[in-house]
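**Q** Below is a structure I'd like to ask you about.
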């Protein structure tokens, strides 16, 4: 059981799931239970850590149960988390809302959203260590899965936007090699978005990195064939072809 001291509890969801700031065995016990992990993640990713309605939580995590049994399951989950993380880690607002208390809790994905909103591009990029909660699923919880897919996309888009913002800033400072590197990183976060790909190809051409642009296009085209069984659009293909030596 965790005590209620000043120790910060850190929840990592990007690139893997990890819980720090408590005993390793206690952390493993929490993360071995998918519903507890899902509850923690849902509360941690609430905008500005705002408390959430209990009805919303039970609908996401216990859709197979009637209201009375679902609320009982939620009460047990909250009790288990408070018993392990400390009584102050979760906060109630009245009888119908529950949230993550910050401090003592902290979440890398929540910090990513805050950094992106504040325009702290390097911090946002550094926080994105990979997909949000990779490989995590809750069988039978369709609405939770939809919510998680949306959050995964949002986190990836924040990282891509941060990389693109850095690329534009570096281009303005005439640091063209670095600008190209960050532009390519931005595109790879949204590899199936051809609008972003074309934007990146255009920047790379503008700074004189035609070879890098063509490598990026070829990489995207191959991935589309392998994963989507599709080809790039005529517009994207035409842009890439215009960058080949024979076309210039």
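**Q** Can you tell me which residue among 60, 43, 85, 39 is in contact with a strand residue (DSSP E or B) (Cβ under 6 Å, 6 or more places away or on another chain), under 18 Å from residue 138 (Cα atoms) and surrounded by 19 or more Cβ atoms within 10 Å (Cβ to Cβ)?
**A** Numbers: 60 fails: in contact with a strand residue (DSSP E or B) (Cβ under 6 Å, 6 or more places away or on another chain); 85 fails: under 18 Å from residue 138 (Cα atoms); 39 fails: in contact with a strand residue (DSSP E or B) (Cβ under 6 Å, 6 or more places away or on another chain).
Within the list 60, 43, 85, 39, the selection yields 43.
**Q** Oh, and also: Taking residue 214 as the residue in question, decide whether it is farther than 30 Å from residue 38 by Cβ, in a helix (DSSP H, G or I) and in contact with a helix residue (DSSP H, G or I) (Cβ under 8 Å, 6 or more places away or on another chain).
**A** So residue 214 fits the description; yes.
Yes/no per residue for (1) surrounded by fewer than 20 Cβ atoms within 10 Å (Cβ to Cβ); (2) within 20 Å of residue 130 (Cβ to Cβ):
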residue	(1), (2)
176	yes, no
182	no, yes
197	no, no
203	no, no
215	yes, no
232	yes, no
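**Q** Moving on to the next point. Mind listing whichever residues of region 133-147 are assigned to a loop (DSSP other than H, G, I, E, B) and over 19 Å from residue 16 (Cβ atoms)?
**A** 139, 140, 141
**Q** If you take the residues in region 124-139 that are more than 18 Å from residue 32 (Cα to Cα) and in contact (Cβ under 8 Å) with a residue 12 or more places away in the chain, which one is surrounded by the most Cβ atoms within 10 Å (Cβ to Cβ)?
**A** 124
**Q** Would you check if residue 71 is assigned to a strand (DSSP E or B) and buried (at least 16 other Cβ atoms within 10 Å of the Cβ)?
**A** Criteria not met by residue 71.
**Q** Could I ask something else about it? Could you tell me which of the residues 80, 115 is modelled with pLDDT of 90 or more and crowded, with 18+ Cβ neighbours inside 10 Å?
**A** 115
**Q** Let me ask something else. Only residues that are in contact with a strand residue (DSSP E or B) (Cβ under 8 Å, 6 or more places away or on another chain) and within 21 Å of residue 19 (Cα to Cα): list them for region 46-56, please.
**A** If the condition is that a residue be in contact with a strand residue (DSSP E or B) (Cβ under 8 Å, 6 or more places away or on another chain) and within 21 Å of residue 19 (Cα to Cα), then 46, 49, 50, 51 are the ones that fit.
**Q** Within 17 Å of residue 21 (Cα to Cα) and either touching a helix residue (DSSP H, G or I) at 6+ places or on another chain (Cβ under 6 Å) or exposed (fewer than 13 other Cβ atoms within 10 Å of the Cβ) (or both): does that describe residue 100? First the steps, then the outcome.
**A** Details: within 17 Å of residue 21 (Cα to Cα): yes; either touching a helix residue (DSSP H, G or I) at 6+ places or on another chain (Cβ under 6 Å) or exposed (fewer than 13 other Cβ atoms within 10 Å of the Cβ) (or both): yes.
It is true that residue 100 is within 17 Å of residue 21 (Cα to Cα) and either touching a helix residue (DSSP H, G or I) at 6+ places or on another chain (Cβ under 6 Å) or exposed (fewer than 13 other Cβ atoms within 10 Å of the Cβ) (or both).
The values are calculated or read from the model by the stated rules, or taken from the named source; none is laboratory data. Since this is a predicted model, take the numbers as computed values, not measurements. Neighbour counts are summed over all protein chains in view; Cβ atoms, including those assigned to glycine, are modelled from backbone coordinates with ideal geometry.
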